[in-house]
1. What number of residues within segment 55-68 are surrounded by 15 or more Cβ atoms within 10 Å (Cβ to Cβ) and either within 14 Å of G386 (Cα to Cα) or among the polar types (S, T, N, Q) (or both)?
2. When both residues are 6+ apart or on different chains and their Cβ atoms are under 9 Å apart, which pairs have a first residue that lies in segment 123-141 and is under 16 Å from P101 (Cβ atoms), and a second that is in a helix (DSSP H, G or I)?
3. Do we find a residue being in contact with a Phe, Trp or Tyr (Cβ under 6 Å, 6 or more places away or on another chain), buried (at least 17 other Cβ atoms within 10 Å of the Cβ), under 23 Å from N310 (Cβ atoms) and not hydroxyl-bearing (S, T, Y) anywhere in segment 138-152?
4. Filter segment 393-413 for residues that are among the basic types (K, R) and within 21 Å of G162 (Cα to Cα) and give the result.
5. Can you work out which of the residues in segment 137-151 that are polar (S, T, N, Q) and outside any strand (DSSP E or B) is farthest from D61 (Cα to Cα)?
6. Could you name every one of the strands (runs of 3 or more DSSP E) located completely within segment 75-123 that has at least 2 residues being at pLDDT 95 or above and loosely packed, with under 15 Cβ neighbours inside 10 Å?
7. Can P304 be described as within 30 Å of D196 (Cβ to Cβ), out of contact with any Leu (no Cβ under 8 Å at 6 or more places or on another chain) and outside any helix (DSSP H, G or I)?
8. Quick check on my filter: what residues within segment 124-134 are touching an Asp or Glu at 6+ places or on another chain (Cβ under 8 Å) and either over 21 Å from Y390 (Cα atoms) or loosely packed, with under 15 Cβ neighbours inside 10 Å (or both)?
Amino acid sequence: MESVVCNGKFELKIKQDEPTRVPPVEETEKGHHFLCNLDQNLAAIIKTIHLYKSPDKGNEDAAKVIRESLSKALVHFYPLAGRLTISPEGKLIVDCTGEGPPFVEAEANCSVSELLSIASVDPMVLKNLVYEVPGAKNIIETPVFTVQVTKFNCGAFAVGIGMNHCMADGISGVEFLNSWGEIARGLPLSTPPSLDRTNLKARDPPQIDFPHNEFVDIEDISNTHDLYEEEEMVYKAFPFNTEKLVRLKEKALEGGVLSKCTTFEALTALVWRARCKSLKMHHDQQTKLLFAVDVRSKLNPNLPKGFFGNGMFLTNALCKAGDLLDSPLSHAVELVQGAVKVVTDSYMRSSIDYFEMKRVRPSINGTLVVTAWSRLDLLSANFGWGKTIYSGPADVPGKEVVLFLPSGEDKRSINVHLEMPISAMKTFELEIMQI
């Protein structure tokens with residue numbers, strides 16, 4: 001199989017071999033692995049790439065090392081060697097078959113620097129570094145985990161991963177990669193995984209103790225869907241260096257309404273307001289913000305160290321677009337802070353029970369979903385070639401999603417990635433540039 005991408009000057013070709021399976025090197029537990037209600041809402045494939053280049057060694061043995069260490073890592077993370085199925089209760093569950101994930105070796109006709117140059121203009125090119133099963137019609141037919149190792153002609157290589165979000169969140173995903181890297185380097189696991197998710201089971205009987213606006217379905221009175229259909233969608237990344245982030249937080253604290261705020265709260269508030277304005281949302285348009293909060297230490301009892309699963313809870317803020325735009329930035333920040341504060345053990349238990357009773361997923365009409373990877377140590381996974389020279393998503397966020405990625409040598413700067421209709425993107429850029 002060969003993928004061809006042309007940027008006008010250079011024709012990129014990535015030749016993929018036929019996939020093979022990588023089962024765990026030892027016999028692992030069989031049967032069904034429980035997925036909690038938080039997992040049920042996240043059944044989408046997250047694609048990431050991790051680029052390596054060492055001055056001391058080439059890429060000749062890369063696929064062999066990655067494959068052999070993966071077979072050992074899957075002994076500890078054996079659900080990743082299984083497949084999704086439907087439980088008698090009608091929920092997603094993992095059938096721990098031990099068959100192992102598809103593994104693909106590939107070669108690119110370029111250097112890694114040439115690839116990144118193309119990706120800076122066309123980020124969709126990175127999808128070619130992650131194996132996608134042809135003909136999969138739904139999430140059940142799609143493997144929960146795939147690996148592709150792509151060699152470049154400069155001695156670099158890429159590890160491209162596709163993992164179903166129902167298996168792990170960003171923190172667990174990074175810990176898995178680090179453990180896999182430790183095994184590749186012949187080291188013991190510094191953080192053995194804890195696979196038990198029963199702490200996140202619904203109560204019996206379930207009880208709903210709070211309103212859960214994350215599930216509210218919003219009417220699109222601003223005809224935003226028509227705008228998405230009629231205009232060309234464009235993708236762009238906006239850099240926020242440390243100086244700009246300091247100015248943003250100072251602006252959020254103007255007027256003395258707030259005594260403090262975090263970088264995430266200020267940046268999320270700014271993006272939410274700018275997006276509402278850019279999409280020309282009606283004054284009375286309800287708009288919702290969704291973002292994930294790490295609840296490992298908020299649950300009672302806490303999730304254990306090394307928890308492998310989804311320890312992130314999707315919280316929300318809801319208001320009218322007019323209220324958001326007619327008020328100072330501090331008001332939007334307050335809404336973000338309120339969404340963080342509401343996340344307690346009792347609130348999460350109520351939300352888990354809400355899904356148990358209603359079986360609905362969070363609606364994204366009129367909604368902005370902020371995904372922050374800015375706190376993840378994406379560069380840390382080391383298979384013997386040192387830390388990555390680049391790690392990040394292999395595809396762009398959807399039209400409702402804004403992605404915060406770490407940037408700069410110290411990773412304290414943030415790049416804001418999003419996709420919008422072309423006219424809205426122009427307005428969004430003007431709003432962002434004012435900081």
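1. Adding up the residues that qualify gives 4.
2. If the second residue must be in a helix (DSSP H, G or I), the pairs left are L129/L115.
3. Checking segment 138-152: at least one residue is in contact with a Phe, Trp or Tyr (Cβ under 6 Å, 6 or more places away or on another chain), buried (at least 17 other Cβ atoms within 10 Å of the Cβ), under 23 Å from N310 (Cβ atoms) and not hydroxyl-bearing (S, T, Y).
4. Pass one, segment 393-413, residues among the basic types (K, R): 399, 411-412.
Scanning segment 393-413 gives a single hit, K399.
5. Only one residue tops the list, namely N138.
6. 83-86
7. yes
8. M124, V133, listed by residue number.
The values are calculated or read from the model by the stated rules, or taken from the named source; none is laboratory data. Predicted model, so just to flag it, every value in this text is computed and none were measured. Heads up, the Cβs are rebuilt from the backbone with ideal geometry, glycines too, and the neighbour counts pull from every protein chain shown.
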